[in-house]
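Presented below is the structure to which this report refers.
The values are calculated or read from the model by the stated rules, or taken from the named source; none is laboratory data. All values derive from a computational prediction rather than experimental measurement. Counting neighbours? That spans all protein chains shown, and the Cβs are built from the backbone with ideal geometry, glycine included.
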Amino acid sequence: MRSFLLHSLFFFASAAIVSGQATLRVGDPVDLKLSGVPTDEQTQVNNTYTVDANGVVNLPYINKIKAEGLTPAQLAGSIEAAYRSGRIYTNPTITITMQPTARFVNVGGSVRNPTRVPFTEDMTLLTAINAAGGFNDFADQKRVRLLRGKDVKLYDVRQFRRDPSQDVKLQPGDMVEVPQSFF
């Protein structure tokens with residue numbers, strides 16, 4: 001029982017550290033909680049916001065605030081400063097919560113179950129493909145595409161089976177496309 005409790009505490013502490021240090025990306029949902037202002041004002045602002053394609057969140061009264069590349073704490077500080085400088089709130093306290101489980105890697109093409117795979121810190125190209133059911137019978141394992149932002153790279157994943165150290169680490173938002181073999 002003691003071991004279970006210690007393991008549980010370690011897991012939750014690790015999750016808090018990871019979510020506290022992770023940087024926000026396009027598509028990430030963030031929960032925003034406002035305090036230090038009247039309750040009716042809190043209900044106007046408290047919500048879940050998504051980092052849009054331009055890397056910003058659009059908030060009541062202050063409009064767009066840059067979020068992409070910031071940690072949740074940095075974003076909270078920017079929002080507090082914007083509310084103060086706009087003289088909307090004199091002493092706001094913003095809390096931003098980011099759920100790491102809300103991040104995904106999309107795996108499609110010639111896999112058994114094309115899907116969005118919840119991102120984990122140790123995810124690689126092969127683990128994402130395996131999470132999507134593995135390759136189907138028509139997959140071309142020599143030309144697997146990894147799309148990251150505007151970059152596209154081709155990989156021969158058969159090499160990763162021979163040397164797992166070459167397997168590519170993935171990032172949230174990556175897209176994996178497995179083409180169909182022509183012969």
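From the list 22, 81, which one is modelled with pLDDT under 90 and either at positive phi or not assigned by TED's automatic domain parsing to the domain that holds residue 120 (or both)?
Residue meeting the stated conditions: 22.
Can you confirm whether segment 101-111 contains a residue that is charged (D, E, K, R) and either touching a residue at least 60 places away in the same chain (Cβ under 8 Å) or closer than 30 Å to residue 177 by Cβ (or both)?
There is at least one residue in segment 101-111 that is charged (D, E, K, R) and either touching a residue at least 60 places away in the same chain (Cβ under 8 Å) or closer than 30 Å to residue 177 by Cβ (or both).
Which of the residues spanning segment 84-119 are on the phi > 0 side of the Ramachandran plot and assigned to a strand (DSSP E or B)?
The one that is on the phi > 0 side of the Ramachandran plot and assigned to a strand (DSSP E or B): 109.
So residue 163 passes all but one of these: (1) without any contact (Cβ under 8 Å) to a residue 12 or more places away in the chain; (2) closer than 30 Å to residue 69 by Cβ. Which condition number does it fail?
(2)
Name, by its number, the condition in (1) surrounded by fewer than 17 Cβ atoms within 10 Å (Cβ to Cβ); (2) closer than 12 Å to residue 98 by Cβ; (3) at pLDDT below 90 that does not hold for residue 3.
(2)
Only residues that are part of a loop (DSSP other than H, G, I, E, B) and charged (D, E, K, R): list them for segment 158-177, please.
Matches in segment 158-177: 163, 167, 174.
May I ask you to verify whether residue 112 is more than 30 Å from residue 69 (Cβ to Cβ) and over 23 Å from the mean Cα position of the chain (by Cα)?
Yes, satisfied.
When you go through (1) in the same structural domain as residue 31 (by TED's automatic domain parsing); (2) exposed (fewer than 12 other Cβ atoms within 10 Å of the Cβ) one by one for residue 158, which number turns out not to apply?
(1)
Every residue, every condition in (1) over 25 Å from residue 118 (Cα atoms); (2) surrounded by 13 or more Cβ atoms within 10 Å (Cβ to Cβ); (3) at pLDDT 95 or above; (4) not assigned by TED's automatic domain parsing to the domain that holds residue 172, yes or no:
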| residue | (1), (2), (3), (4) |
| --- | --- |
| 37 | yes, yes, no, yes |
| 51 | no, yes, no, yes |
| 54 | no, no, no, yes |
| 57 | no, yes, yes, yes |
| 63 | yes, no, no, yes |
| 77 | yes, yes, yes, yes |
| 88 | yes, yes, no, yes |
